[in-house]
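See structure below.
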Amino acid sequence: MSEHRTTGCTRLLSLIGLAIVPIVAIGCGTPAEKAVIAEPVAPVRPPEVKAETLPPVKFVDITTAAGIRFVHANGAFGDKLLPETMGAGVAFFDYDNDGDQDLLFVNSCPWPGHEAKPAPTQALYRNDGKGRFEDVTKQAGLDKTFYGQGVAVGDYDNDGDPDLYITAMGGGHLFRNDGKGHFDDATEATHAKGPNGWLTGAAFVDIDNDGDLDQFLCNYVTSRGPPRSIRSKGSRSAAWGGLTGLRPRSPAPFAPCCAMIQATSPTSARSRAFRSALPT
């Protein structure tokens, strides 16, 4: 009887001991480190730089000395129309591949009913490599009058000569560089006019890595349907056709919109299908 009672007590003490061990183990763990909160520090005031300590570098206006006479015409006549506030684009590019950066100035024009003579045109200035620019607008074929806004430079036909796309009110204008100092208006032949709206910006980019420059056109506002997009066959006689328009939702009657222009290789199936629909 006494032996049975002793065995029972031993088992009870064993169970109690097993329960105490985890509690002791938990209580003996490493205490958690106290979070360190940095004291607030006032911002350091940058050192004051005095003008007399700056290096002797300055910009000098050499516009007149360089032979540049361009004056932008925005067509303003008192109604304060929105496009008049947009200004116009300009581009440095070596149009004649002589190693010197030339200048293209995008110009606007008077509004209908307020025409002026002589009519303002786009302006191309050739860099002679000696700090002087010569106005070669007429001989380059860029003496065109329209309400220009922006410009993108890119060799869309892969012939080694930089071409121009000028955005404007009523659509864009594609000018192909013939490599002999002249630009041909290829807008109609290539169907590259784009949306019939207020085109502001443009960019050439090869979005699909096929070796042909695609184009992104941006409209500022439009009151009609979303703009159409354009595709090129990627050759000298590239024709541009409808693709996919991008237009953000807007409750306003006028909404910003844009269009993607995709150039495809003349050997691609999509370009063959499109080419077959073109008049010969």
Within the range 182-209, considering residues that are among the charged types (D, E, K, R) and over 19 Å from the mean Cα position of the chain (by Cα), the one least open to solvent (accessible area, probe 1.4 Å): Asp184
Single residue of the range 124-173 satisfying the filter (aliphatic (A, V, I, L, M) and either more than 22 Å from Gly99 (Cβ to Cβ) or assigned to a strand (DSSP E or B) (or both)) that is farthest from the chain's Cα centre (by Cα): Leu124
Residue among Ala91, Ala76, Ala140 that is modelled with pLDDT of 90 or more, surrounded by fewer than 19 Cβ atoms within 10 Å (Cβ to Cβ) and small (Gly, Ala, Ser): Ala76
Whichever residue in the range 146-181 is touching an Asp or Glu at 6+ places or on another chain (Cβ under 8 Å) and more than 30 Å from Lys117 (Cα to Cα) and, among such residues, is most open to solvent (accessible area, probe 1.4 Å): Asn158
The range 104-137: number of residues that are open to solvent by less than 20 Å² (accessible area, probe 1.4 Å) and in contact with a Leu (Cβ under 8 Å, 6 or more places away or on another chain): 7
Members of the range 33-79 found to be part of a loop (DSSP other than H, G, I, E, B) and acidic (Asp, Glu), listed by number: Glu33, Glu39, Glu48, Asp61, Asp79
Selection within the range 79-88 - on the phi < 0 side of the Ramachandran plot and either open to solvent by 30 Å² or more (accessible area, probe 1.4 Å) or small (Gly, Ala, Ser) (or both): Asp79, Leu81, Leu82, Thr85, Met86, Ala88
Filter result for the condition that a residue is more than 30 Å from Asn209 (Cβ to Cβ), in contact with a Lys or Arg (Cβ under 9 Å, 6 or more places away or on another chain), without any contact (Cβ under 8 Å) to a residue 40 or more places away in the chain and of a type in the set (Asp, Glu), over Asp135, Asp100: Asp100
Which numbered condition Ala66 misses (of (1) open to solvent by less than 100 Å² (accessible area, probe 1.4 Å); (2) free of Cβ contacts under 8 Å to residues at least 12 places away in the same chain; (3) not β-branched (Val, Ile, Thr)): (2)
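The values are calculated or read from the model by the stated rules, or taken from the named source; none is laboratory data. Since the model is a prediction, treat every value here as computed from it, not as a measurement. Methodologically, a virtual Cβ is constructed for each residue, glycine included, from the backbone with ideal geometry; neighbour enumeration extends over all protein chains shown. Side chains are part of the model used for accessible areas, which takes the heavy atoms of the whole protein and leaves out ligands, DNA and RNA. Shrake-Rupley method; radii C 1.70, N 1.55, O 1.52, S 1.80 Å.
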